[in-house]
Amino acid sequence: MLEEVERWLDRRSWSVADRPMERILAAKRNTKVSVVLPALNEEATVGDIVAVIRRELMSEAVPLVDELVVLDSGSTDRTAEVAAAAGARVVARDAILPRIPAVPGKGEVLWRSLMVTGGDVICFVDADLRDFSADFVTGIVGPLLTDPDVDFVKAMYDRPFGAESDQLASGAVSDQLASGAVSDQLASGKTPGQGGRVTELVARPLLNLHWPQLAGFVQPLGGEYAARRSLLERLPFPVGYGVELGLLVDALHTVGLDALAQVDVGVRKHRHQDERALGRMAAAIYRTAQLRLSRGHLVRPRLTQFERGEEGFTPRTYAVDTEERPPMLDITEYTRRRVA
């Protein structure tokens, strides 16, 4: 298995610098590309991301992205207003497929996005990124346009935590990326202060133990990835935090390891969550893996955490996501829309 992963890393791990924009645009031809930003209360960052994509990837000179949609997951701030002002088409989660009541969760909005986008290639980008670079889009879309055997592409990146975030996101990293230095650091595990605690403590052990073919993915839970619609519409979507692991594992079983790839796009800066939120995320990811391992039922689909109060520790119990949306091809409204 180790040899298979090493062969995959050699054949299906690239740097964004490996595909110049001229090559990507020449390969695009009639392929339509949609970019989707799932957003919940991201007024501080969503506008800058939209502006960069429109300016650098939707111009007459660089017509890479055909459609830019912000999926608002019930924001109570100015996310929708800011995104629209920056030039995105904003769609409210609850306005899509009203026959099926929406539930909270990132996977829910990603699943519903297939109903309101028309791209042959769908690119997902988290809306909380800071100092956003268009490389996040070109890096993961590029292989889907230039390599017909590739169906699913994840971004990989350095994910600094705390004060190192500003230092590693400096221009020096861009120079290192072009030379492949960042890729070398990631592969060797020498980058300091990595974020992605749930990845390292939960997702990576699960993948290595149960799906060792996927052990080569640097950021298996990363929110930046692109895939062909023809694949996504065949996959079930966990409604919550487990969506990234679920899609990755199901893509492996649907199209095989050689149809999966990853691209080094440099440095990812974003808002980090507290330990309790990470605990809930970890429980949902474990649940997603559990269902794929056995398709059995959960004995206790809840997670109890503790907070210190005036009278000592107080338990707080949260439901763990247990719902998944079926493949979009099973939805009547979607198949009718595709036929039309």
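Brief remarks on what is shown
- Within the stretch 273-285, the set of residues being under 18 Å from the mean Cα position of the chain (by Cα) and part of a loop (DSSP other than H, G, I, E, B) comprises just one member, Q273.
- The set of residues from the stretch 248-272 being part of a helix (DSSP H, G or I) and more than 18 Å from W211 (Cβ to Cβ) is empty.
- The sole residue among T335, T288, T304 that is polar (S, T, N, Q), out of contact with any Asp or Glu (no Cβ under 6 Å at 6 or more places or on another chain), surrounded by 17 or more Cβ atoms within 10 Å (Cβ to Cβ) and not in a loop (DSSP other than H, G, I, E, B) is T288.
Every residue, every condition in (1) at pLDDT 95 or above; (2) under 15 Å from the mean Cα position of the chain (by Cα); (3) within 18 Å of D48 (Cα to Cα); (4) part of a loop (DSSP other than H, G, I, E, B), yes or no:
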position: L68; (1), (2), (3), (4): yes, no, yes, no
position: D77; (1), (2), (3), (4): yes, no, yes, yes
position: E108; (1), (2), (3), (4): yes, yes, no, no
position: F132; (1), (2), (3), (4): yes, yes, yes, yes
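- R54 being in contact with a Gly (Cβ under 8 Å, 6 or more places away or on another chain), in a helix (DSSP H, G or I) and farther than 17 Å from Y225 by Cβ: yes
- Matching option when the condition is of a type outside the set (S, T, Y), in a helix (DSSP H, G or I) and under 19 Å from P38 (Cβ atoms), among L245, L221: L245
- Residue-level analysis places D48 outside the set of residues that are under 24 Å from A261 (Cβ atoms) and acidic (D, E).
- Among the residues of the stretch 88-109, the ones that are out of contact with any Gly (no Cβ under 9 Å at 6 or more places or on another chain) and farther than 16 Å from N41 by Cα come to 8 in all.
- Number of the condition not met by T146 [criteria: (1) out of contact with any Leu (no Cβ under 7 Å at 6 or more places or on another chain); (2) surrounded by fewer than 17 Cβ atoms within 10 Å (Cβ to Cβ); (3) under 22 Å from M281 (Cβ atoms); (4) of a type outside the set (D, E)]: (3)
- The set of residues from the stretch 29-43 being surrounded by fewer than 19 Cβ atoms within 10 Å (Cβ to Cβ) and at pLDDT 95 or above comprises T31, K32, N41, E43.
- D10 modelled with pLDDT under 95 and part of a helix (DSSP H, G or I): yes
- Test: residue in the stretch 135-144 that is within 18 Å of S34 (Cβ to Cβ), in a loop (DSSP other than H, G, I, E, B) and at pLDDT 95 or above: no
- Whichever residue in the stretch 262-284 is modelled with pLDDT of 90 or more and not charged (D, E, K, R) and, among such residues, is surrounded by the fewest Cβ atoms within 10 Å (Cβ to Cβ): A282
The values are calculated or read from the model by the stated rules, or taken from the named source; none is laboratory data. On a predicted model such as this, the values are computed, not experimentally measured, just so you know. Glycine gets a Cβ as well: all are built from the backbone with ideal geometry, and neighbour counts include every protein chain shown.
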